[in-house]
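Visitor: Here it is, the structure in full.
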Amino acid sequence: MGSLTSCKIRRGIFANYAPAVQLTGEQTGQRVQFTDGSLTDGTGSGKADLLYDAVLTETASSNTNRDLIASLLDKYGSTLSFVKVKFLRIEADSGNTNDVQFKPGASNGWITGPLRTAAHTIHLGPGEAFQWESIGAGKAPVASTGDIVNFANSSSGTSVSYRLTIIGASA
């Protein structure tokens with residue numbers, strides 16, 4: 001298994017905005033402050049040692065359960081067992097024609113994470129992304145009772161692709 005030597009998470013926005021009629025001396029740029037979060041190698045607060053990053057595909061009308069504790073492999077082929085999840089990002093491919101759906105698994109769903117209840121579902125249209133982080137303590141999946149996330153294709157006809165990135169700790 002590899003190790004996470006450093007990780008910087010950027011969040012924020014920079015937007016240029018110009019009014020329809022600009023007054024003399026009026027500023028046209030607006031900056032919303034960026035905030036950064038960092039994770040260093042390890043398993044405590046503000047630390048992570050596991051990284052899962054893959055481009056995945058769901059065929060038409062299909063869905064896949066992913067076990068956060070036993071089914072994901074890192075790029076070296078080692079099994080990842082997330083005791084704490086600190087960061088999760090899902091990016092739907094811009095070429096998709098259907099939505100990517102993300103929710104807790106119907107059985108043993110991970111509801112200690114961002115969705116909180118089995119009834120919540122996130123729908124990502126083509127080119128859309130969802131990002132969640134808890135870089136301090138993280139959120140724990142619970143083996144055999146609450147460690148499954150489900151990814152689904154919203155419709156028939158075509159497959160959907162998405163990038164799934166999960167960063168977390170093994171202890």
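Visitor: In nm, give the distance between the simple-model label positions of Ser107 and Ala143, each being 7 Å from the Cα along the Cα-to-Cβ direction.
Guide: 1.9
Visitor: Which residue, chosen from Thr43, Pro126, Leu73, occupies the Cα position most advanced towards the positive end of the dipole of the range 43-169, where the dipole is computed from +1 (Lys, Arg) and -1 (Asp, Glu) charges on Cβ about the Cα centre?
Guide: Thr43
Visitor: Using label points projected 7 Å from each Cα along Cα→Cβ, tell me how many nm separate Thr40 and Phe130, to one decimal.
Guide: Label at Thr40, label at Phe130, 3.3 nm between them.
Visitor: Could you give each residue of the range 89-102 its phi-based ³J(HN,Hα) in whole Hz, using Karplus coefficients 6.51, -1.76, 1.60 with θ = phi - 60°, and x for Gly or Pro?
Guide: 9, 10, 10, 6, 4, 5, x, 5, 10, 10, 7, 9, 10, 10
Visitor: Net charge within 13 Å of Pro141 by Cβ-Cβ distance, Lys/Arg positive one each and Asp/Glu negative one each, not counting Pro141 itself?
Guide: Neighbour charge sum, excluding Pro141 itself: +2.
Visitor: I've got another one for you. What's the extension gain from Ile122 to Ser6 if we count 0.36 nm per residue and subtract their Cα-Cα distance?
Guide: Full-extension gain reported as 38.9 nm.
Visitor: Mark the label point 7 Å from the Cα of Ser159 along Cα→Cβ and return the residues of the range 45-86 whose backbone N is within less than 15 Å of it.
Guide: The answer is 55-64, whose backbone nitrogens lie closer than 15 Å to the label point.
Visitor: Using DSSP to call loops (not H, G, I, E or B), can you name the trypsin sites (Lys or Arg not before Pro) in the range 37-122 whose Cβ has at most 14 other Cβ atoms within 10 angstrom?
Guide: Details: sites: Lys47, Arg66, Lys75, Lys84, Lys86, Arg89, Arg116; in loops: Lys75, Arg116.
Those satisfying the criteria are Lys75, Arg116.
Every number in this text was worked out from the coordinates using simple rules, so none of it is lab data. Bear in mind that the values here come from a model prediction, so they are computed numbers and not experimental data. Every residue, glycine among them, receives a Cβ derived from its backbone with ideal geometry; neighbour counts consider all protein chains shown.
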